[in-house]
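Accompanying notes for the structure given below.
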Amino acid sequence: MKKIISWILLFTLVLSLCACAKSESNEKTEGKKQSTVLAPLGDYDLYAGFGRENITPEEPTPLGGYSNPANRTHTAVLDDLYVTCIALTDAKGETILLMNWDGVRSHTSAQDAARMSIETATGIPIDHIFIGATHSHSAPDMTYRHEIIERYLGLVLNKAVACAEEALADRRPANMSAGSVEAEGLNFVRHYVTTLDDGTVSYFGDNFGTSAFNDTTTHTTKADPTMFMLYFDMAEGNDMTLINWRAHPHFTGGSSRYDLSSDWIGPFRDAFEYQTGVDMLYFNGAAGNINEKSRILEENKTTDYKTHGKLLADYAIDIMKNHLEPTPVDEIKTKQTMYEAVTNHSQDDLYGLATNVNAIYKATGDKDQALAAGEGKIRSTFHATAIINNYKRGNTETRELNAIYLGESVGMFSAPNELFDTNAVEVEEASPFKYTLTLGYTNGHHGYIPSAFAWEYTSYETDITALQPGTGELYAKCFVDMLEQLHAE
């Protein structure tokens, strides 16, 4: 009950910040002319516009990822953070806004507040507004109750409204192309399973070393991480692109965990835009079981976030130069499902065991002793905490799932979760679209959705997810159904 009250108070605060942000935005944009009459399309398919606003914190701010943000307030800024938006309008006037901000994630109430504020300012319906987070682990995490984060949220809401208005005002006739490439030349930290000499099956990440590899070893992904690109060839001014990369940001930014940065997303964006002159919106895809940090192979070994960002820019430029094909947009369509997902951690017996495990671990610091109190049913201290945090939150939790139609060849689907690559590939293989993009961490954030295969071994992701095994496959079916419906309409 206390958690529910806390989130109600947070949502009320967010709405009040949203109102302030809207007022400030109106003051900042007063006199700025927003396009109400668009130029004739002529030989072009749609209108596209671009916006970007700086959202670097104005005061030292708790960072998300790796630890409690209250214990990790940044002391240095390695590079600025941004919110970026592309506005797309078809010949009939149907408009969607695709927006992403540099950050770990945002609670659903924060992103809904931004969407509501943008709807009020622009008239674009909230179900046509898609806001994601790049998932940098060196940026603020707006899911936590913290007074500094709440102040920062006010800044972000203000900038989100301004960014959306900028993108709408910037709309110009455009043609769209699409392309993709697999990053076969990069090394990745993947989740692997292997059968050991004694017949037991072991899970490990390949950053732990190569000694566990043998002829039984398989990884939990279906393909190398795929980079997708939607390229907008503009009638005038800068061209623009949406890049969708299916892999997890995994660098801490600099040498210190107290350095604020956009992870490799900023250097990736900077290098691409500098070399091409093309404006870029980045969207992270399904990334729950595939990371970019290399610690084994000497070739393409990247342990620095800026080096890795520049390496990714090379892949994006390769798509732009060699792999794009025209993908006309006859119209823009969207479909939304409010999915009731079944929770995982709600059993009374597990709650009691988890409470014992956490109490012993807190008192002794001895994980083995603490887990012994879990009677073999508690896999880790993370698992114990997740059981306690999710206890009796309800038998189901509502998730907003969306699908987008951008012509016969391009579809997108979004989830407020960190999906596993395996399930994203399943959607791509079953999708009626030639190019199917995954928008992760979008319109809220509710943690990992592991694939069924991931549940066959113990991992951090399966320990802390709030939802039951099989949810990833049910999500995938729902996405395919929505995409098929949009394609057939």
Among the numbered criteria (1) of a type in the set (A, V, I, L, M); (2) free of Cβ contacts under 8 Å to residues at least 40 places away in the same chain; (3) surrounded by 14 or more Cβ atoms within 10 Å (Cβ to Cβ), which single criterion is violated by ALA313? (2)
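Are any of the residues in segment 243-252 at pLDDT 95 or above and assigned by TED's automatic domain parsing to the domain that holds ARG172? I'd like the intermediate steps shown before the answer.
Filtering segment 243-252 down to residues at pLDDT 95 or above leaves 243-244.
Now narrow it down to the ones that are assigned by TED's automatic domain parsing to the domain that holds ARG172: 243-244.
Checked against the condition, which is being at pLDDT 95 or above and assigned by TED's automatic domain parsing to the domain that holds ARG172, segment 243-252 yields at least one hit.
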Report, by residue number, each residue of segment 423-473 that is among the aromatic types (Phe, Trp, Tyr) and under 21 Å from TYR405 (Cβ atoms). PHE433, TYR435
For segment 402-417, does any single residue satisfy the condition of being surrounded by fewer than 23 Cβ atoms within 10 Å (Cβ to Cβ), of a type in the set (S, T, N, Q) and under 26 Å from the mean Cα position of the chain (by Cα)? yes
Checking the conditions here, which among ILE96, ILE118, ILE124, ILE86 is more than 24 Å from LYS306 (Cβ to Cβ), assigned by TED's automatic domain parsing to the domain that holds ALA167 and part of a helix (DSSP H, G or I)? ILE118
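One line per residue, one yes/no per condition, for (1) hydrophobic (A, V, I, L, M, F, W, C); (2) in contact (Cβ under 8 Å) with a residue 12 or more places away in the chain; (3) more than 20 Å from ALA133 (Cβ to Cβ); (4) touching a Cys at 6+ places or on another chain (Cβ under 9 Å):
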{"site": "LEU419", "(1), (2), (3), (4)": "yes, yes, no, no"}
{"site": "GLU426", "(1), (2), (3), (4)": "no, yes, yes, no"}
{"site": "HIS446", "(1), (2), (3), (4)": "no, yes, no, no"}
{"site": "GLN485", "(1), (2), (3), (4)": "no, yes, yes, no"}
Somewhere in segment 96-106, is a residue touching a residue at least 40 places away in the same chain (Cβ under 8 Å), farther than 30 Å from THR75 by Cα and in contact with a helix residue (DSSP H, G or I) (Cβ under 8 Å, 6 or more places away or on another chain)? yes
Among the residues of segment 321-336, which ones are surrounded by fewer than 20 Cβ atoms within 10 Å (Cβ to Cβ) and either touching a Gly at 6+ places or on another chain (Cβ under 9 Å) or closer than 30 Å to ILE388 by Cβ (or both)? ASN322, HIS323, LEU324, GLU325, PRO328, ASP330, GLU331
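Among the candidates TYR460, TYR448, which residue alone is in contact with a helix residue (DSSP H, G or I) (Cβ under 8 Å, 6 or more places away or on another chain), of a type in the set (Ser, Thr, Tyr) and within 27 Å of ARG115 (Cα to Cα)? Before you say what the answer is, go through the steps one by one.
Details: TYR460 fails: within 27 Å of ARG115 (Cα to Cα).
Criteria check complete, one pass: TYR448.
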Subset of segment 346-386, residues over 30 Å from the mean Cα position of the chain (by Cα) and among the hydrophobic types (A, V, I, L, M, F, W, C), comes to LEU350, LEU353, VAL357, ALA359, ILE360, ALA363, ALA370, LEU371, ALA372, ALA373
Quick one: would you say LEU63 is touching a Lys or Arg at 6+ places or on another chain (Cβ under 9 Å), crowded, with 24+ Cβ neighbours inside 10 Å and at pLDDT 95 or above? no
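Do we find a residue being within 30 Å of SER177 (Cα to Cα), in contact (Cβ under 8 Å) with a residue 40 or more places away in the chain and of a type outside the set (Asp, Glu) anywhere in segment 386-401?
First, pick out the residues of segment 386-401 that are within 30 Å of SER177 (Cα to Cα): 400-401.
Still in the running and in contact (Cβ under 8 Å) with a residue 40 or more places away in the chain: 400-401.
Filter again for of a type outside the set (Asp, Glu), leaving 401.
Yes, segment 386-401 contains at least one residue that is within 30 Å of SER177 (Cα to Cα), in contact (Cβ under 8 Å) with a residue 40 or more places away in the chain and of a type outside the set (Asp, Glu).
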Among the residues of segment 99-115, count how many are farther than 17 Å from LEU281 by Cα and either in a strand (DSSP E or B) or at pLDDT 90 or above (or both). 3
Filter segment 143-153 for residues that are surrounded by 20 or more Cβ atoms within 10 Å (Cβ to Cβ) and over 19 Å from ALA76 (Cα atoms) and give the result. THR143, LEU153
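Working carefully through the options LEU419, LEU406, LEU437, find the one that is within 17 Å of SER180 (Cα to Cα), touching a Gly at 6+ places or on another chain (Cβ under 9 Å) and not hydroxyl-bearing (Ser, Thr, Tyr). Walk me through it before giving the result.
Working: LEU419 fails: within 17 Å of SER180 (Cα to Cα); LEU406 fails: touching a Gly at 6+ places or on another chain (Cβ under 9 Å).
After applying the criteria, what remains is LEU437.
The values are calculated or read from the model by the stated rules, or taken from the named source; none is laboratory data. For clarity, every value in this text was computed on a predicted model and none was experimentally measured. For neighbour counting, all protein chains shown are included, and Cβ atoms are generated from backbone atoms with ideal geometry for every residue, glycine included.
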